[in-house]
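Colleague: Okay, here's the structure, questions in a sec.
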Amino acid sequence: MRVLLVEDDARTADYIVKGLHEAGFVVDHVDDGRSGLFQAMDGAYDVLIVDRMLPELDGLALVEALRAAKVDTPVLFLSALGQVDDRVKGLKAGGDDYLAKPFAFSELHARLDALARRRAAPVVQTRLQVGDLEMDLVARRVRRAGQPIDLKPREFKLLEYLMRHAGQVVTRTMLLEGVWDYHFDPQTNVIDVHISRLRQKIDKDFATPLLHTVRGAGYCLRAGA
Amino acid sequence: MPARRFLRTSAFRLTLAYGGLFGLSILVLLGFIYWNTSQSISRTIDETIGAEIDALTQHYRLEGVSGLIAAIDQRTDRGPLNGGLYLLTGADGRRLAGNLDLAAATAARRDDRLTLPLTAADGTPAEGRARRVDLAGGLTLLVGRDTRALAHFQLLMAEAMAWAFFGALLLGTGGGLLLSRRVLARIDGITRGAERIMRGDLSHRMRLDGSSDEFDRLAATLNAMLDEIERLMTGIRTVTNNIAHDLRSPLTRMRTQLERTIASGDADDLREAGLHAMAEADSLLATFNALLSIAEAEAGIPVADAKPVDVSHLIEDVVDLYGPLAEDKGLEITAACPPGVTVHGSRELLFQALSNLIDNAIKYTPAPGAITVRADATGATVDLSVSDTGPGIPAADRTRVLDRFVRLDTSRSTPGNGLGLSLVKAIARMHRAGLRLEDAAPGLRVVIALPKTA
């Protein structure tokens, strides 16, 4: 997957480029807004990572220009400004996601995957499937190995999010945003309890576990081990 | 005070300005009096001269030249006390009567008023004003009055006025200087007090002299400001101490574990230690983020981008999120909110505030227990409250507990950074809401009282 990183701070850029390389991404890096805009316009990237504070052209203006030129590559904003209204500003400018510094690399990775995946699947789906777990989005029903599983509405939403991001690491922050629509870092293990309830329902009585815990990062729903 | 510095003070300048103005006014006044008086006297003299001319002309008409000469002689015989000056010359230019010499006749022009120095017939100089009249028969009559006395009087008056003027100026300026010294002394006192405080004596306060004048009010205001500064500084010191203390523990734990692991060198252990260190670092970051949020909120910034928030949805969401956790701890959590209640603010921040409160409730309430999240819009405010059946907070601690990093002794052993309630307080502040801690008998009830949307 091709990623363009527009970040002027050398240290942060190094950290990200190295990490993404190791994770198997192809990364291009520029350190000012104008070059960033240029490259993004013709680069055919899968995802753009844009810092808000840039020389020449700031991040928000860059993305606005991009969107005005009908380039719809998903954009992840990085910023030292992490307040709610900064998020909103970023999203209004045309960004797709927003990550405050300092961030955990696993968080960045997880979100990049989610963004790239979003782009690749614009088709409206009626069914989701992971291994022998099936979800009918229209009838709002879940089955595993043919057996119906009874889920409460919130549990359904949670499972739906995990299934849509199947194979990817999903962080607690992402879950809080995607399922409950609130943006902050939950302190207690309030999310974990929801996950363990879900596990009771979809994993406990079955042979292979689908819902895995990734230490230090989050969770992942996948058929393999 | 050294002279040069004194000259630059506004007190001195004011005195100078006032003195100047005062002096000018006196000058104008005295000048006016002088001028008026002079005019009046001049007029009188002219009138007298006019009257004399009329009288003498009458004599001439009735009694002829001899009658006129007699009349003039009568007047001049009375002596210099009369003050009158006369000269009668015939058509041939010969002097006929009077006490002026011939030179005057030539000096005067017809019907003129002149104030040339004249000489009396006996040679003594005179000075006066005269009018010339031509009579029938070629005679010329000159009538005047000696103005030396007047001139002398005017001089005396001018002198007196000059003395008066300078005297007034001196007294005015002197008095002004004296008064301004008192003012300068007060200001100086305040300046010295401030310097003392800046040198480090923070408990020093300005002196009031009980007169309730502007300086006293200034001193009182400065004292109040100093009290506030002292309070804030103490607050900062306390917080900094708390921060240093409370953030040291996780860092120490992290370091100890890493040290131990490096020593052992075991690869698995290293990974474990790394993960633990990351967790501790995360919790430290969370603490710092919370501190930043609180600082921002306390800076008095109201909620940016405030929107209508549906309170019942908010409460449902938060109860939904915390439901499983509460259940696991053997607690029952319920939502009680009538539909359609809205407030103006930030959905995110209010959710976070409620989260913190519920977090606390879950942490401190023993099983079996109950937590209720309620919205009450019956009063003047929309009251969002979280109540529990835990041990509650003693009334004495209820204010302290809202400060940063405060953890009551009973909870020192449970995990937490002591910022939860501070953040709630900050969020309440941003929404211009009140925050109350009450006894739920049993348990604690925390109420965020939001203003109702109009």
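Colleague: Considering only the range A:119-137, I want to know if a residue exists there that is more than 14 Å from chain B (Cβ to nearest Cβ), in contact with a Pro (Cβ under 8 Å, 6 or more places away or on another chain), more than 29 Å from residue B:315 (Cβ to Cβ) and touching a residue at least 40 places away in the same chain (Cβ under 8 Å). Please lay out each step first, then the result.
Modeller: Step one: filter the range A:119-137 for residues more than 14 Å from chain B (Cβ to nearest Cβ), giving A:119-137.
Still in the list and also in contact with a Pro (Cβ under 8 Å, 6 or more places away or on another chain): A:119.
Narrowing further to those that are more than 29 Å from residue B:315 (Cβ to Cβ): A:119.
Adding the requirement that they be touching a residue at least 40 places away in the same chain (Cβ under 8 Å) leaves A:119.
The answer is yes, given that some residue of the range A:119-137 is more than 14 Å from chain B (Cβ to nearest Cβ), in contact with a Pro (Cβ under 8 Å, 6 or more places away or on another chain), more than 29 Å from residue B:315 (Cβ to Cβ) and touching a residue at least 40 places away in the same chain (Cβ under 8 Å).
Colleague: May I pose another question? Can you pull out the residues in the range A:45-91 that are open to solvent by 50 Å² or more (accessible area, probe 1.4 Å), in contact with a helix residue (DSSP H, G or I) (Cβ under 7 Å, 6 or more places away or on another chain) and not in a loop (DSSP other than H, G, I, E, B)?
Modeller: Hit for the range A:45-91 is A:89, nothing else.
Colleague: Only residues that are of a type in the set (Ser, Thr, Tyr) and touching a helix residue (DSSP H, G or I) at 6+ places or on another chain (Cβ under 7 Å): list them for the range A:15-44, please. Let's see the steps before the verdict.
Modeller: So the first thing to find is which residues in the range A:15-44 are of a type in the set (Ser, Thr, Tyr), and the list is A:15, A:35.
Result: no residue meets the conditions.
Colleague: A further question on this structure: Report, by residue number, each residue of the range B:341-377 that is within 15 Å of residue B:451 (Cβ to Cβ) and surrounded by fewer than 20 Cβ atoms within 10 Å (Cβ to Cβ).
Modeller: B:342, B:344, B:376, B:377
Colleague: I'm trying to understand the selection: among the residues of the range B:356-397, which are touching a residue at least 12 places away in the same chain (Cβ under 8 Å) and of a type in the set (Val, Ile, Thr)?
Modeller: The answer is B:358, B:362, B:365, B:371, B:372, B:373, B:381, B:382, B:386, B:389, B:393.
Colleague: Also: Six or more apart or on different chains, Cβ under 6 Å: which pairs go from a residue in the range B:212-237 that's assigned to a helix (DSSP H, G or I) to one that's open to solvent by 40 Å² or more (accessible area, probe 1.4 Å) and of a type in the set (A, V, I, L, M, F, W, C)? Could you list them?
Modeller: B:216/B:208; B:219/B:208; B:230/B:202
Colleague: Within the range A:95-105, is there a residue that is part of a strand (DSSP E or B), more than 14 Å from every other protein chain (Cβ to nearest Cβ), within 30 Å of residue B:286 (Cβ to Cβ) and under 18 Å from the mean Cα position of the chain (by Cα)?
Modeller: We begin by selecting, within the range A:95-105, every residue part of a strand (DSSP E or B); these are A:97-100.
Adding the requirement that they be more than 14 Å from every other protein chain (Cβ to nearest Cβ) leaves A:97.
In the following step, the residues that additionally are within 30 Å of residue B:286 (Cβ to Cβ) were identified as A:97.
Filter again for under 18 Å from the mean Cα position of the chain (by Cα), leaving A:97.
Yes, the range A:95-105 has at least one match.
Colleague: Right, next: Look through the range B:310-330, keep the residues that are within 12 Å of chain A (Cβ to nearest Cβ) and in contact (Cβ under 8 Å) with a residue 40 or more places away in the chain, and return whichever of them is nearest to residue B:443 (Cα to Cα).
Modeller: This residue is B:326.
Colleague: For the range A:144-225, which fully contained helices (runs of 4 or more DSSP H) count at least 3 residues that are more than 10 Å from every other protein chain (Cβ to nearest Cβ), in contact (Cβ under 8 Å) with a residue 12 or more places away in the chain and open to solvent by 20 Å² or more (accessible area, probe 1.4 Å)?
Modeller: On the way: elements: A:153-164, A:172-175, A:190-202.
Per the criteria, A:153-164.
Colleague: Sort out for me the strands (runs of 3 or more DSSP E) sitting completely within the range B:261-369 that have 1 or more residues that are at pLDDT below 90 and on the phi < 0 side of the Ramachandran plot.
Modeller: Details: elements: B:307-310, B:331-336, B:342-345.
Correct list: B:307-310, B:342-345.
Colleague: Now a separate question. Is it the case that the range B:72-87 has a residue that's assigned to a loop (DSSP other than H, G, I, E, B) and open to solvent by less than 40 Å² (accessible area, probe 1.4 Å)?
Modeller: yes
Colleague: So for the range A:71-92 (the condition being over 17 Å from the mean Cα position of the chain (by Cα) and more than 26 Å from residue B:306 (Cα to Cα)), does at least one residue qualify?
Modeller: yes
Colleague: Now for a different question. For the range B:415-454, how many residues are of a type in the set (Gly, Ala, Ser), modelled with pLDDT of 85 or more and surrounded by 18 or more Cβ atoms within 10 Å (Cβ to Cβ)? Walk me through how you get there before you give the answer.
Modeller: So the first thing to find is which residues in the range B:415-454 are of a type in the set (Gly, Ala, Ser), and the list is B:416, B:418, B:420, B:422, B:426, B:428, B:433-434, B:440-441, B:443, B:449, B:454.
Restricting the remaining residues to those that are modelled with pLDDT of 85 or more gives B:428, B:433-434, B:443, B:449.
Next, from what is left, pick out any that are surrounded by 18 or more Cβ atoms within 10 Å (Cβ to Cβ): B:428, B:433, B:443, B:449.
Qualifying residue count for the region: 4.
Colleague: So which residues in the range B:338-376 are within 45 Å of the chain's Cα centre (by Cα) and away from chain A (no Cβ under 14 Å), if there are any at all?
Modeller: Those that are within 45 Å of the chain's Cα centre (by Cα) and away from chain A (no Cβ under 14 Å): B:342, B:343, B:344.
The values are calculated or read from the model by the stated rules, or taken from the named source; none is laboratory data. Bear in mind the structure is a predicted one, so any value in this text is a computation, not a measurement. Virtual Cβ from ideal backbone geometry, glycine too; neighbours counted across all protein chains shown. SASA here: full protein model, heavy atoms, side chains in, ligands and nucleic acids out. Shrake-Rupley method; radii C 1.70, N 1.55, O 1.52, S 1.80 Å.
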